[in-house]
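*Asks:* Sending over a structure as structure tokens; questions will come in a sec.
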Amino acid sequence: MGRVFRKGTGRVVIVALDHGRRHGPIPGIENLRVTVSKIVEADIDAVMVTPGMLRHVYEEVIGRVGVVARIDGTGTTKGPDHTDDRLISSVDTAVKMGADAVSIMVYIGCEREADQ
């Protein structure tokens, strides 16, 4: 976690870019590499991306900012149950890809809460 939290303050600014997996293409993020390069230049601490996204922006982020890998996913928000997230990767795979941390979604109070 030392590559995620800012040294000296213990604080962190993470830019989440994993929304497209659920919401589809996001205006302004049509070119992921260009977007990530601009974010890295802005002196943020970490980015949150899916493993698939990390494959595309590896050179832009590894060693420059922390990486939080979103390792679960579901259908889109238009599907019948947007709370049915499943693992799409493992912690081991994310670490091998260069992630410093992982993230999953938990829906507190939904019918499937016990399954999460």
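Throughout, read-outs are computed from the coordinates displayed, never taken from laboratory work. Predicted model only: the values in this text are computed from it and were never measured.
*Asks:* Which cross-chain or sequence-distant (5 or more) residues have an amide H under 5 Å from the amide H of V102, H modelled 1.01 Å from N in plane?
*Replies:* When sequence neighbours closer than 5 places are left aside, the close amide H contacts are A69.
*Asks:* Full-extension gain between I108 and I62, please, as 0.36 nm times their residue separation minus the C-alpha to C-alpha distance.
*Replies:* Numbers: separation 46, 0.36 × 46 = 16.56 nm, distance 3.27 nm.
Taking 0.36 nm per residue and subtracting the Cα distance, the gain is 13.3 nm.
*Asks:* Report the gain in length on full extension from I44 to L87: 0.36 nm times residue separation, minus Cα-Cα distance, nm rounded to one decimal.
*Replies:* So the extension gain works out to 12.8 nm.
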